[in-house]
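Single-structure report; data block below.
The values are calculated or read from the model by the stated rules, or taken from the named source; none is laboratory data. Note that the structure is predicted; figures quoted are calculated from it, not measured. Backbone-built Cβ (ideal geometry, glycine too); neighbour counts: all protein chains shown.
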Amino acid sequence: MKPDQNPSTEHQPLDERHCRRLLGTTSVGRVVYTVGALPAVLPTRFRLGGDGSVLLCAAAGSELVRAVSGALVAFEAGEVSPSDGTGWSVTVLGRAAIDEGPAPHDPDPCRHLGQVGIRILAELVTGRLLEASATCEHNVISRNNGGR
């Protein structure tokens, strides 16, 4: 069983095609990597490459660039409604490569001097829809009633 495919009444698994479509609807996600064997999570803007990879920009000498070059990383993006908890989450696992210049089929997303591109080559793409949660509904009601 893949990590994102545990059965749950609140989470419906998505196929890869649907996951990629959802990723195309947002521009902010989180890259997950390690620094000194400790996990690190960094929110970042992104876009999808023509080959389905996830494209990020970072300062050329940054900790992120040093940590992810050639490493297996995760990337997650999603949206969740604060009112009822519905939404989606997509996770991409793959090797990160540093792009010194744009690929022929992708315009350069890193337009600022001193930035390089990070390309996460998608090896596994999983996702799930989040259904309305009784817990979320209770929290919304509690907030609207002053926490009572």
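For region 1-26, a residue qualifies if it is at pLDDT below 95 and of a type in the set (S, T, N, Q), and the qualifying residues are Gln5, Asn6, Ser8, Thr9, Gln12. The residue of region 21-76 that is farthest from Ile118 (Cα to Cα), among those that are among the acidic types (Asp, Glu) and surrounded by 13 or more Cβ atoms within 10 Å (Cβ to Cβ), is Glu76. Pairs are defined by a Cβ separation below 6 Å, a sequence spacing of at least 6 or placement on different chains, a first member in region 56-74 that is within 18 Å of Leu124 (Cβ to Cβ), and a second member that is assigned to a strand (DSSP E or B) and charged (D, E, K, R); the pairs so defined are Leu72/Arg95.
Residues of region 50-92 that are polar (S, T, N, Q) and within 15 Å of the chain's Cα centre (by Cα): Ser53, Ser89, Thr91. Across region 78-101, the number of residues qualifying as touching a Leu at 6+ places or on another chain (Cβ under 9 Å) and either of a type in the set (Gly, Ala, Ser) or in a loop (DSSP other than H, G, I, E, B) (or both) comes to 9.
Where residues in region 102-124 are within 18 Å of Ser27 (Cβ to Cβ) and either outside any loop (DSSP other than H, G, I, E, B) or of a type in the set (A, V, I, L, M, F, W, C) (or both), which of them is modelled with the lowest pLDDT? Step by step, filter region 102-124, then rank; the result is Cys110.
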